[in-house]
1. Go through 253/301; 253/279; 418/466 and tell me which ones have a Cα-Cα distance over 25 Å in this structure.
2. Taking the mean number of other Cβ atoms within 10 Å as a proxy for protection, how do you rank 611-623, 81-93 from highest to lowest?
3. Evaluate the relative contact order of the range 413-545 (contact order divided by residue number), counting alpha-carbon pairs under 8 angstrom at least 6 apart; express in whole percent.
4. For 545, 355, 538, 473, what ranking results if the residue with the fewest other Cβ atoms within 10 Å of its Cβ goes first?
5. Could you order peptides 221-228, 449-456 by the average number of other Cβ atoms within 10 Å of their residues, highest first?
6. Please list, or write none, the lysines whose alpha carbon is within less than 25 Å of the alpha carbon of residue 369, excluding same-chain residues fewer than 8 places away.
7. Could you give the distance between the Cα centres of the range 326-377 and the range 462-501, to the whole Å?
8. Counting only residues 5 or more places away or on other chains, whose amide H sits under 5 Å from the amide H of residue 653 once H atoms are built in the peptide plane?
Amino acid sequence: MSLISLFLLPWLLPSSSSTFIDPGALDPYCHDVPYPFGIIRNNTTHSEFYPSFELHCDYNGGSNSSLKVKIGGYSIDVIDISLEGGYLRVLVVRAKGFGTCRGESGRGAVGVTGTEGVEGVDGGLLDLTGTPYAFHSRNNFMVLGCDTMALVRNSSDHIVSGCVSFCVSNADKLYGKQDCSGVGCCRTAFPPGLQYATVDLQSIRNLTESTELRTRAECNEAFLIDGNDSSYADPSIKRPIVLDWSIGNKSCKDVTPSPICGPNASCYNSSEGLGYRCKCNDGYEGNPYRNDGCQEIDQCKYHEHNCSWKCENKDGRYHCACPPGTKGDGKKDGVGCTRDTYIEIGLGTGLALLVISLTIGFWFFWELKKRKQRKLKLKHFLQNGGSLLRQCVSENQFFARIFTIEELEQATDNFNEKNVVGRGGYGTVYRGTLLPDGEVVAIKKSKFVDETQIEQFINEVVILSKITHRNVVKLLGCCLETQVPLLVYEFISNGTLSQHLHEQKRPTSGRLSWETRLRIATETARALAFLHCKAASVPIVHRDVKSANILLDENCTAKVSDFGASRLIPTNQTHVTTLVQGTIGYLDPEYFQTCQLTEKSDVYSFGVVLLELLTSEKPVLFCRMGTERNLASHFMEHMVEKAGHVGVLEFLDRQLVWEARTALPVLAVAQLARRCLSLNGEDRPTMTEVAIELSALRRISMQREELRDWRISMSPRRLGAVAESTCNEEDPLLS
């Protein structure tokens, strides 16, 4: 195996013009060399040069002068310097020292012969480490010989190039020197940017024992050559290779603001590796590395022109201009410059045509867009059950309004975030103002819709449109022209019961009194009882009863809302089996375990709402420990542990007991909540029974208040007696 080292590194460089140098035609001082390169002859500097770019003039008199560059201690002939391409072409001899002779083990000696090549450099495979040079991508890697696999490895010992050459007879090797196609010779691309590499020659098959090649001891050759050169067949001539050069080893960004580029020149990164080069800006020419190198190209001054009025030089080119108000090519041998009397008419006509074209185009585009929107809205309308809803309207079964998406976008300022009044698990609620009457509404935009349940959804919407109850939020209409349906309800302005109970920053009201809480509970129970029994003759289970879904108007009148999770219970069934939905803390345990939804599931959730009214506590608090986190579970355990009324009062909001003036109605509501929270649904009362019991408690409470007010309004001479009687009437549990 023959192992050869060669090095290369990427250095980037800019543009100028290519300067070809014929070594035999150089004058004694070899002065035709462009900066940043410079000449040193007999240790004397004849022109300035950039560090590492010095060249040597080998002057032997007559026509034997040659320009050389020293690399790795060897002097190499330079035949071409290109500022624009950023390369040097140099001459090297054949690479005999890389061969492996037939009859050997298949691998040749490592190193150079020291007698052939360029000043001891065998085949021009140079060590470029520490120089501004690297092998150019234009080079080809070639192998002449038979039964040879040549691999090129970089400094990390990774294979970066290689080729295979084989023969069957000696004639194949001779043929390979004429047409390098893999038989007797192979040729492949050489990677750019390398400064060091090794070449490994190996035998790919043993032909020494069976062919006429066995007696021949010819050596295989591996070398680089300029890819544009075809003189590789003759091993006695020098071969050209191309070296890339660049300034430094940093990019333009790293050397900014002080690259060596002159005025009117710009820096650009080398495409072959690290480093940079310079090039003249557009409209300039010359050497971009000198202070006065890039000069403006004045076409009007240095080139012939035939302008009749004025020659203008722009970006290295010229054109003939005409005086204002005239037209033509401005040339003496052309049309010249003539007065254009119709220029205003032409401009006006052109402008008018442009406006008309733009108007027609805009109208056409707008019509296409509206047509596309109409198709999309119709598609959504049909997907969301629009056909079924139209049928219900025609049969006078739908008592609400079908809104268009334009009406709702106008009402909500295109669903602006500032109009969001609530977000829940099923959608977002916006506040909107319908035009032209200015009615304020709440618009619920669902997050998703189950396409398999569209028929049931439309049926529920139709039934909800028939519900008329003072404690149920009225459904005003719907819109089916969007991807998900939009439902329009009456707007309730005073927030939710949850906000009043658990948020301390309600701007519209203070703490809810016992009388108000009892009234809210009664009104909510009546609404749920109405839904279970009388709502359009089909029972409706709300399935998400919670304080956040009980709205309060300006008079704190309760309004049950958010029927997104509601389900209809057929009159001939006691339950429906469905996926569990609801809110943690309010969810019926029996429904959670069996997936069977009944009216008693709403009763359980309402029992949790009663606890919120009695305790002013949230249904779930993670700051509490164990079962105390769940308000309902904690309450039921407390009711078992504290069988007496006094023990139960410790669990309730003490302020409510004082407001009620007697503990009896508060305890009665607590006992009702306990029954509603029974784990067995059959042990819970119906919503109708709950509503009746709460109504009776509220009526008794109101009668006691009226009796008390009547006693207080008696004559002054009996006020003392009334006061004493009232004190005697207070519940002993308060003492």
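Rule-based calculations on the coordinates, nothing more; no lab input. Quick caveat: nothing in here was measured; it's all calculated off a predicted structure. All Cβ positions, even for glycine, are placed from backbone atoms using ideal geometry, and neighbour counts span all protein chains on display.
1. On the way: 253/301 37 Å; 253/279 16 Å; 418/466 32 Å.
Table pairs above 25 Å Cα-Cα are 253/301; 418/466.
2. Details: 611-623: 17.5, 81-93: 22.2.
With the highest mean Cβ count within 10 Å placed first, the list reads 81-93, 611-623.
3. Details: 144 pairs, mean separation 23.9, N = 133.
This gives 18 percent for the range 413-545.
4. Working: 545 29, 355 10, 538 16, 473 22.
If I rank by nearby Cβ atoms, fewest first, I get 355, 538, 473, 545.
5. Numbers: 221-228: 23.0, 449-456: 12.1.
Result, highest mean first: 221-228, 449-456.
6. Qualifying lysines at Cα under 25 Å: 377, 379, 445.
7. Using only Cα atoms, the two centres lie 54 Å from each other.
8. 615
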